[in-house]
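The values are calculated or read from the model by the stated rules, or taken from the named source; none is laboratory data. This one's a predicted model, so the numbers in the text were calculated from it and none came from an experiment. Quick reminder, even Gly has a Cβ in these numbers, built from the backbone with ideal geometry, and neighbours come from all protein chains shown.
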Amino acid sequence: MSDPIGPFDMLEPEPSRPLLDRGREPGATRALARGLVRRCPRCGGRDLFERRLRIRERCPGCGLRLEREEGGFLGAMTLNYLATTLAWGGFLAVWLVVALPGVAIAPLTVASLAFVAVFPLLFYPLSKTLWAAVDYLVVRSSPDYRERDAAERRSGNGGPR
């Protein structure tokens, strides 16, 4: 039999109990920060990827659906495209500052093509977890979020596998 819950038992989080079960959810800043470090936006759990470029369907810690629907990759792809464009703009600016006044077009073109081919692959996992954080913040703002999440758990569609 388990010990009764005292008034101070809930002050310290227990690693074995998901964040959602304690009735507290992270704020927007914390959820986005977790996405930036490739963690679950809801519980902060790790190991969200099966392979480098394949995200799990759900968080192993709290059961959060990481890709909510078919085509849910579009937001992550947009973030990846935006980050690649901004990073390439910075790359181009540095190249031009270093190379002016005589800019060699052929090396710049080859270096740019290599940059825009490699950067999205390196940024992809981060874009997936960042988009999962954005999606989580949008979905949890729905008035029926808790009821829907609880119904998914009861039907066997939620929770850790």
### Query
Does Trp88 meet the test of being surrounded by 11 or more Cβ atoms within 10 Å (Cβ to Cβ), touching a helix residue (DSSP H, G or I) at 6+ places or on another chain (Cβ under 8 Å) and farther than 30 Å from Arg24 by Cα?
yes
### Query
Which residues, counting only those in region 38-66, are touching a residue at least 12 places away in the same chain (Cβ under 8 Å) and either among the hydrophobic types (A, V, I, L, M, F, W, C) or under 30 Å from Leu113 (Cβ atoms) (or both)?
Arg38, Cys40, Cys43, Leu48, Phe49, Arg52, Leu53, Ile55, Cys59, Cys62, Leu64, Leu66
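Assess whether Gly159 counts as being in a loop (DSSP other than H, G, I, E, B), under 30 Å from Pro26 (Cα atoms), at pLDDT below 95 and touching an Asp or Glu at 6+ places or on another chain (Cβ under 9 Å).
Values: in a loop (DSSP other than H, G, I, E, B): yes; under 30 Å from Pro26 (Cα atoms): yes; at pLDDT below 95: yes; touching an Asp or Glu at 6+ places or on another chain (Cβ under 9 Å): yes.
Judged against the criteria, Gly159 is a match.
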### Summary
Subset of region 50-81, residues out of contact with any strand residue (DSSP E or B) (no Cβ under 7 Å at 6 or more places or on another chain), among the aliphatic types (A, V, I, L, M) and surrounded by 14 or more Cβ atoms within 10 Å (Cβ to Cβ), comes to Ala76, Met77, Leu79
### Message
Need pairs with beta-carbon distance below 9 Å; first residue closer than 19 Å to Thr85 by Cβ and within region 96-125, second modelled with pLDDT under 90 and part of a helix (DSSP H, G or I); sequence gap 6+ or separate chains.
### Response
Leu108/Ala99; Tyr124/Ala76
## Note on the structure
Considering region 39-49, residues that are within 19 Å of Val139 (Cα to Cα) and basic (Lys, Arg), and then whichever is surrounded by the fewest Cβ atoms within 10 Å (Cβ to Cβ), we arrive at Arg39
